[in-house]
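The values are calculated or read from the model by the stated rules, or taken from the named source; none is laboratory data. It should be emphasised that the depicted structure is a prediction, and the values quoted were computed from it without experimental measurement. Don't worry about glycine lacking a Cβ; one is built from the backbone with ideal geometry, like all the others, and counts go over all protein chains shown. For accessibility, only protein heavy atoms count, side chains too; no ligands or nucleic acids. Shrake-Rupley method; radii C 1.70, N 1.55, O 1.52, S 1.80 Å.
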Amino acid sequence: MKSLLIKSAIASGVVLSLATVTRPVMAASFAVSIENPGVQNAQLSNLVNAHIQNFDAQTQGYSATGFQWNDGTTNIGSYQKTLIVNADQYGGAGGTGKYFDVDTSRSGNGQTVSTLNLTTAQSYFGLWWSAGDSNNVITFLSQGQVVQSMTTADVVSYIGKLPNKASYYGNPNSTFQNQDSGEPFAFINFYDVGGTFDQVQFTNVGGTGFESDNHTVATSYKSITGNVVTAAVPESSSVLGVLVIGLVGATSVLTRRVNKKSILQLS
């Protein structure tokens with residue numbers, strides 16, 4: 001029995017070690033949610049040090065150098081490889097002004113990715129996602145390292161299962177009411193749980209566009225609001241803690257069995 005327990009403990013240690021080594025180390029975990037149909041802005045009362053970029057002051061068309069994002073005298077960051085489009089059936093919060101797009105065809109420059117570099121690390125990002133499809137990818141980085149990357153396929157799937165899914169489809173603004181009815185429109189919240197990011201990349205895979213508006217950042221938030229699409233998962237450090245507990249437990253069992261046998265022998 002002693003030999004069997006020792007082998008079990010060793011095997012457990014090997015498995016735990018492999019699990020620790022092979023599991024990807026992520027700086028944070030994200031929770032993703034969407035607001036109710038028709039909502040085109042973040043819940044600002046839930047955010048701390050929030051800033052909004054609505055693109056209305058930016059020059060229409062494609063720019064490789066992009067532009068600086070300033071809020072008054074505060075520099076929030078800068079965008080690179082940007083495509084700014086006048087409001088139409090595919091985007092533009094409120095049906096007016098301009099919006100942000102990543103689109104190879106529209107840009108005329110083979111644009112597939114655009115980047116937002118942030119001056120200060122943030123823990124929240126939100127955007128009004130318009131004319132949505134499953135080909136949009138959003139990636140969050142911290143000091144050059146990817147902390148999370150996700151596609152909007154999960155959002156499309158989530159909306160498709162809602163009893164009021166039809167309310168998300170088609171442009172909700174009066175100027176373009178119900179146009180582009182085959183695609184969803186929703187405000188998406190990205191909450192970095194337990195971490196921060198300083199760069200956001202917007203990528204479009206395929207021949208569609210990645211249209212959005214009202215980009216919102218915040219250094220922190222009070223709670224996770226909206227309808228949760230993806231819940232945050234434990235960080236690798238938390239999983240490691242569970243594995244360590246398991247190893248300690250296995251060792252404890254082995255010690256008790258050996259001690260018990262020693263006492264019996266002495267008696």
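Below, the figures for the structure above:
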quantity	calculated
Sequence-distant aspartates and glutamates (8 or more away, or on other chains) whose Cα lies within less than 20 Å of residue 165	35, 133, 154, 180, 183, 211
Added length on full extension, which subtracts the Cα-Cα distance from 0.36 nm per residue, residue 166 to residue 121	12.5 nm
Solvent-accessible area per residue, Å², over the range 80-172 with all protein chains present [probe radius 1.4 Å]	38
Cα-based shape type of the range 67-112, given that a ≥ b ≥ c are square roots of the gyration tensor eigenvalues and the cut on a/c is 1.5	oblate
Mean separation of Cα contacts under 8 Å (6+ apart) over length of the range 31-180, as relative contact order %	19
Extension reserve of the residue 113-residue 74 stretch, reckoned as 0.36 nm per residue once the Cα distance is removed	11.5 nm
Net +/- balance of residues flanking residue 210 in space, Cβ distance below 10 Å, scoring K and R +1, D and E -1	-4
Accessible carbon and sulfur surface of the range 35-159 relative to its total accessible area, %, 1.4 Å	43
Prolate/oblate/rounded label for the range 37-85 (Cα gyration tensor, a/c 1.5)	oblate
Pairwise Cα inverse-distance average, inverted: Kirkwood Rh of the range 71-188 (Å)	15.8
